[in-house]
Amino acid sequence: MHRTGFTQYLFVAGLLSLCLSTAAGAVWPNDEDAAFIRQHFDKSEHRIAMRDGAHLHTVVYTPRDTSQVYPILLIRTPYSAGPYGPGEYKVKDLNWYINLVREGYSFAFQDVRGRYLSEGTWENMTPHIADKRDSTDVDESSDTYDTIDWLVQNVPGNNGRVGLLGISYRGFYAAAGIADAHPALKAVSPQGPMSDIYFDDFHHCGAFSLTYFGGYPTFGTHRPAPTDKAWWTGIKWDAPAWDPYERYIRFGAVADEGQRYMPDNFLWQQTVEHPDYDEFWQARNILPHLRDVTPAVMTVGGLFDAEDLYGGFNVYKAIERQNPPETTNILVQGPWFHGGWSRDEGRSLGHVYFGEGNSTFYQEELEVPFFNYHLKDEGTWDLAEATIFNTGVNQWRRFDTWPPAAAPTKRLYLDRDGGLSFAAPGGAGFAEYLSDPSRPVPFVATSLRGGNRSYVVEDQRFASRRPDVAVFQTDPLDEPLALAGPVVARLYVSTSQTDADWIVKLIDVYPDDHPSFPHEPDERLGGYQQMVRFEAMRGRYRNSYSEPEPFEPHQVTEVAVTLQDVCHTFQPGHRVMVHVQSTLFPLVDRNPQVYVDNIYKADPATFVKAVHRVFCSRAHASHLEVGVLDD
């Protein structure tokens, strides 16, 4: 809710495994940074008592220069605060914040409850207890509070101020620490945060992300006792590991496959037994509890985050909606994959180029000033409410509201003949396709070897050529079209059966003479269909995520698909394209297309083909609601 005047900052520039490791291909931080950390920091390890008596293992790094006092930056993690033991330094994670390291901060890394060397029982996305009655009512907010209370009293040479940050799951712990914050907590930065596990990572609007199946051992296995080593084992596949499409197409009922591969996995059992957004999942949503916020908050995300795009936008929006205007709450979204702002240069993703220096700009001009101002009283406050990278033209922009007030909502209508325009259709008509669960549309053109974070900008020509994908596109644009803010597809559809998924893609079609990008001078990009945004909606949840309902066969029904926010300019000569389809495999598990109570338990023998229609008529005008920048 920090307000500044609307200006444009012309800085023309440039799946699960990313939660656990650095991104391949990052060219910094370098050996010099690693040496700096070892030379300038002392390390100590502590068992910090929580209010219920559980001890959380915490590793603290303090600057050896004692001529001044330092703020503390706290990072709470389920992925190990190690390496443990004297002389073993957490170089990798400190390197992610190397600019803050060089600015002069103490750092504290903590194993959360039930993970590695901390006591207690592990629970995914620990439910927040809003009304704590006694010392047995503990959650991530109380653990953060008790940890900060110990740190400011016991870490030598601290200035009494603490910052909280983290990427991905660590970002959830940062967001959870905002609620009922300790008075010493002055600045928080949830980065690519998980916020609601029914919409982040494992699900897309009620549809299960089948590619996350292999990650369940990490999150659904209780350790026998505190340990400094990983206690889970990965799945031993009996189908081709190099081709997830082929592997998962062989699955029987998904619930049975889970029982076969990981019979004792508690998270998998919870997933299967709670297919709807019931009280179990609702309790794991941190967003409603981001009220009465006292620290300054800067939420960071990647516009091409394949894991937690939802959390990056919705943590910011929840704080904005639930707190008074004077609350310092700002948003940063750049041209990054999940965590790319700290793990990669941000110059490109796959074949798409964004320019040079994007991550350096964020670290030096946004992250360091944010923490320095609130934790050190250094600098002046001139950060915008929203600093967003405009893809398509590769420019950083500053907005005084998000979504931008200068981007009124307009309707982009689908035409029965495959057109797409801002003119409403007349008469009657529809687009039709046959969806066959036995031959689902893949979400990438080729097999995934070891995961692929760049599918979010993948060339979509492979899908455009399939008969089970409805394709709509504009004529080549005469002038730039800049979209900013949420994108919502309001579809009027029917199905010959009783259930269906609806997947919508927003695509930038390059002209035939599009030049190669500098990072791949030999790659021909004429006609490239770059995915800008997509989302999947499980149709049974069109009216309520907690109370699913079947479709009436052949009855026109409205389905709204929220694609999350964009900031993208379609250049002159480019086309805007939209895909509507009903499979995206194996990123999204298959819908049997006949209504069953629990899709996880559906026998593939019962899966059926279905004819789906997308109506494009005066009475039922399917369209996308988009914010169009008027400058």
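I'd like the distance separating the alpha-carbon centroids of the range 533-571 and the range 39-54, in whole Å.
Cα centres, the range 533-571 to the range 39-54: 46 Å.
Give me the extension gain from Gln322 to Asp137: residue separation times 0.36 nm, minus the current Cα-Cα distance, reported in nm with one decimal. Spell out each step's value before the answer.
Details: separation 185, 0.36 × 185 = 66.60 nm, distance 2.41 nm.
Between Gln322 and Asp137, full extension yields an extra 64.2 nm.
On the principal axes of its Cα set, how long, how wide and how thick is the range 206-282? Give whole Å, largest value first.
For the range 206-282, the Cα extents along the three principal axes come out at 38, 32, 16 Å.
State the extension gain, in nm to one decimal, for the chain segment bounded by Phe266 and Thr294, taking 0.36 nm per residue of separation less the distance between their alpha-carbons.
Details: separation 28, 0.36 × 28 = 10.08 nm, distance 3.56 nm.
Length gained, Phe266 through Thr294: 6.5 nm.
Averaging over every viewing direction, what projected area does the convex hull of the Cα atoms of the range 391-482 cover, in nm²?
Numbers: hull surface 38.5 nm².
Taking the Cα atoms of the range 391-482, their convex hull projects to 9.6 nm² on average.
May I ask for the Rg/Rh ratio of the range 79-186, computed from Cα atoms with Rh as the Kirkwood radius, given to two decimals? Walk me through the intermediate numbers first.
On the way: Rg = 14.4 Å, Rh = 15.1 Å.
For the range 79-186, the value is 0.95.
When the chain is fully extended, how far beyond the present Cα-Cα distance does Asp382 get from Asp597, taking 0.36 nm per residue of separation? Kindly include the intermediate steps, with their values, before the conclusion.
Working: separation 215, 0.36 × 215 = 77.40 nm, distance 5.26 nm.
Full extension from Asp382 to Asp597 adds 72.1 nm.
Tell me whether the range 435-528 comes out rounded, prolate or oblate; compute the Cα gyration tensor, take square roots of the eigenvalues as a ≥ b ≥ c, and use a/c under 1.5 as the rounded threshold.
Details: a/c = 2.06, a/b = 1.35, b/c = 1.53.
Judged from the Cα gyration tensor, the range 435-528 comes out oblate (a/c at least 1.5, b/c at or above a/b).
Add -39500 (n - 2.57) for each DSSP H run of 4 or more in the chain, then divide by its residues: what number comes out at 222 nm, to the nearest 500 deg cm²/dmol?
Working: 16 runs with 117 residues, N = 631.
Here the helix-only value at 222 nm equals -5000 deg cm²/dmol.
When the expected Rg is taken as 2.2 N^0.38 Å, what fraction or multiple of it is the alpha-carbon Rg of the range 170-221?
Numbers: Rg = 14.1 Å, N = 52, 2.2 N^0.38 = 9.9 Å.
Taking the Cα Rg and dividing by 2.2 N^0.38 Å, one obtains 1.43.
Could you tell me which of rounded, prolate or oblate describes the range 246-320, using a ≥ b ≥ c as the square roots of the eigenvalues of the alpha-carbon gyration tensor, with rounded for a/c under 1.5 and, failing that, prolate when a/b is larger than b/c and oblate otherwise? Intermediate values should be presented prior to the final figure.
On the way: a/c = 3.55, a/b = 1.95, b/c = 1.82.
Here the range 246-320 falls in the prolate category.
Across all directions of projection, what mean area in square nanometres is found for the Cα convex hull of the chain?
Numbers: hull surface 107.8 nm².
If you wrap the Cα atoms of the chain in a convex hull and average its projections, you get 27.0 nm².
Any of Lys90/Lys376; Lys317/Lys601; Lys410/Lys609 with alpha carbons more than 27 Å apart? Name them for me.
Details: Lys90/Lys376 24 Å; Lys317/Lys601 35 Å; Lys410/Lys609 35 Å.
Checking Cα-Cα distances, Lys317/Lys601; Lys410/Lys609 exceed 27 Å.
Can you give me the pair-distance distribution of the range 409-627, C-alpha pairs, 10 Å bins, whole percents?
Bin by bin from 0 Å, the calculated values are 8, 33, 36, 18, 5, 0.
Given N residues in the range 330-447, what is its alpha carbon radius of gyration divided by 2.2 N^0.38 Å? The partial results should precede the final answer.
Working: Rg = 20.9 Å, N = 118, 2.2 N^0.38 = 13.5 Å.
The value comes to 1.55.
In Å, the Kirkwood hydrodynamic radius of the range 289-343 over pairs of distinct alpha carbons?
On the way: mean 1/r = 0.0858 Å⁻¹.
About 11.7 Å, per the Kirkwood formula over Cα pairs.
Dividing the alpha-carbon Rg of the range 493-612 by 2.2 N^0.38 Å yields what? Present the calculation step by step, with values, prior to reporting the outcome.
Working: Rg = 18.1 Å, N = 120, 2.2 N^0.38 = 13.6 Å.
This ratio for the range 493-612 stands at 1.34.
Only the coordinates and a few stated rules stand behind these numbers; no lab work does. Computed from a prediction, not measured in an experiment: that's the story for all the values here.
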